[in-house]
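Read the structure below first, then the notes.
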Amino acid sequence: MYKIITLAAVAATLLGCSNGEITMQDRSTQPCGDKPNCVSTQDSREKFTLAPFTLTENASLDEIEKAALSLGQAKTANKDQNYLRIEYTSRVFRFVDDLELRIEGNSLIVRSESRTGHSDFGVNRKRADALRDALKQAGLI
């Protein structure tokens with residue numbers, strides 16, 4: 001029993017340390033890779049694609065940021081003119097997912113991906129769906 005607890009503690013520590021990426025390249029317009037831990041409005045493959053997000057006239061990056069942060073366990077990592085990256089950290093193992101948002105005309109490009117692991121068990125798709133609901137409630141899409 002002691003060995004199992006020790007191994008679990010070591011694994012959690014190592015996994016937690018692997019998520020410390022501070023700078024990251026903007027990948028908002030890129031399609032997802034081949035691992036099932038990503039969804040994007042820019043990817044046409046069925047298991048990765050998200051329906052378009054069409055913005056209302058009153059949508060702003062600041063309002064979109066508020067909606068995205070309301071999903072919990074989130075912090076703004078990068079914010080530029082029309083680009084926003086928010087990091088979501090899981091409670092137990094401290095895995096980090098990146099939600100990248102870019103305004104292009106009246107469209108919001110959305111890309112959500114786990115930094116580590118192969119599968120995310122649908123977490124990023126659920127997050128994108130929750131973002132869509134929050135943006136609708138705020139009158140932004």
### Query
Taking the Cβ of Ser28 as the center, what net charge do the other residues with Cβ under 12 Å away carry, scoring Lys and Arg +1 and Asp and Glu -1?
-3
### Query
Just the C-alpha atoms of region 28-137: what Rg/Rh do they give, with Rh taken as the Kirkwood radius?
0.93
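Every number in this text was worked out from the coordinates using simple rules, so none of it is lab data. All values derive from a computational prediction rather than experimental measurement. Note that we place each Cβ from the backbone using ideal geometry, even for glycine, and neighbour counts take in every protein chain shown.
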